[in-house]
1. Only residues in the stretch 51-63 that are within 14 Å of residue 78 (Cα to Cα) count as the first member; pair them with residues that are in a loop (DSSP other than H, G, I, E, B) and away from the ligand (no atom under 16 Å from the Cβ), Cβ under 7 angstrom, at least 6 apart or cross-chain, and list the lot.
2. With respect to the numbered conditions (1) among the acidic types (Asp, Glu); (2) more than 17 Å from the chain's Cα centre (by Cα); (3) over 17 Å from residue 200 (Cβ atoms), which one is the sole condition not fulfilled by residue 275?
3. When the residues of the stretch 273-290 are filtered to those that are surrounded by 19 or more Cβ atoms within 10 Å (Cβ to Cβ) and away from the ligand (no atom under 16 Å from the Cβ), which remaining residue is farthest from residue 31 (Cα to Cα)?
4. How about the stretch 150-164: which of its residues are within 16 Å of the ligand (Cβ to nearest atom) and within 22 Å of residue 113 (Cβ to Cβ)?
5. Condition (residue is at pLDDT 95 or above and farther than 19 Å from residue 302 by Cα) applied to the stretch 42-58: is it met by at least one residue?
6. Which residue is farthest from the ligand (Cβ to nearest atom), if the candidates are limited to the stretch 223-240 and must be of a type in the set (A, V, I, L, M, F, W, C) and open to solvent by 20 Å² or more (accessible area, probe 1.4 Å)?
7. Out of the residues in the stretch 203-222 meeting the condition of being within 14 Å of the ligand (Cβ to nearest atom) and open to solvent by 10 Å² or more (accessible area, probe 1.4 Å), tell me which one is nearest to residue 155 (Cα to Cα).
8. Could you grab me the full set of residues in the stretch 70-93 that are outside any strand (DSSP E or B) and small (Gly, Ala, Ser)?
Amino acid sequence: MGKNRFESKLKSENNTYKELFQRYPNNPILTAKGWPYPANTVFNPAATMFHGKVLLLARVEDRRGFSHLTKAISDDGVSNWQIERVPTLEPDPEHYPEEQWGIEDPRITWLAELEKWAIVYTAYSRGGPLVAMALTSDFIKFERYGPIMPPEDKDAALFPRRINGKWALIHRPITANYVPGAHIWLSVTDDFSQWGERQVLMHARRGGWWDGGKIGLAAPPIETSEGWILLYHGVRLTASGSIYRLGMALLDLDNPLKVLHRSDEWVFGPTEWYEREGDVDDVVFPSGCVVDEKTGVLKMYYGGADSCIALATANVSELLEYLKRCPEAIDATLY
Ligand code: BMA
């Protein structure tokens, strides 16, 4: 077992925080152990509904340290995963040199207008990680667009529909040593060929905050009648490494650059053995969600410690209630 063998000695049943996300009891749901071919780790999956089933596009890392993407499909999004026996989308450095060291951390968005899914992923180039994109209508053939943002940039996803006539992309450019911070940005395009109107959507906080220094998109934005729910990860640098946790914000439906509310506290963090110990300790990295419109239950898929895929569920209406009680976002310099 991992470090959480001490957890019960450190925490009491009576004074714990109310949790918005409930872990699936049989976590982790997918690991390298159950993979149909040899892999070092399987983690940070994209998620979408595909012909009534849940489709995950998992990041699979091989023993060179390079990643590719492989799909796993399940009727209930929980069990009986049908994992493709060969990689679904592999780096293609011959045609896309920016994919030389692999492709990582995909996010999937269904674009109803095009009747295609957009897969936005990190290509690991010699010049650093950058954002690349592909479209697909079947998860078999992919129309690759190549890089859409230069390095260093990652943690990107498209909104599912045009907003004010344009497609919008959330992404996270970074400067060396991310001083004074690594922030979440938004850029727009008419046709995916030229991107512009780049602006900061949300700043990392600073100093002692749990998300002081570095933040990035978790899953693609979730549309509700009250605004877009933005799940984001925040990183805290400690003496023994980084801790990756999850925070939330609510964005205005018509102007997502307007952050209506932002959680002060993290809402999900590494506590279980499969989150606390792995190739990179103390990481929860949610990267895909599916919502059951009838029940309002959200399934959130995440990487645990860069070593497995796990599942947690939440109620969209509870997330909204929580967010509406969160403070209005303020100028980041005040944090
Ligand atoms: C980030 C990304 C993720 C990874 C996380 C923790 O920068 O590279 O793929 O899960 O670090 O190692």
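1. Final answer for the pair search is 53/75; 54/77; 55/139.
2. Unmet for residue 275, out of (1) among the acidic types (Asp, Glu); (2) more than 17 Å from the chain's Cα centre (by Cα); (3) over 17 Å from residue 200 (Cβ atoms): (2).
3. The qualifying residue farthest from residue 31 (Cα to Cα) is 290.
4. 156, 157
5. Yes, because at least one residue in the stretch 42-58 is at pLDDT 95 or above and farther than 19 Å from residue 302 by Cα.
6. Only one residue tops the list, namely 239.
7. Looking at the filtered set, the residue picked out is 214.
8. The answer is 77, 79.
The values are calculated or read from the model by the stated rules, or taken from the named source; none is laboratory data. The structure presented is a predicted model; accordingly, all values stated were derived computationally and were not measured. Cβ sites come from the backbone with ideal geometry, for glycine too, and all protein chains shown count toward neighbours. Ligands, DNA and RNA are excluded from the accessible area calculation, which covers all protein heavy atoms including side chains. Shrake-Rupley method; radii C 1.70, N 1.55, O 1.52, S 1.80 Å.
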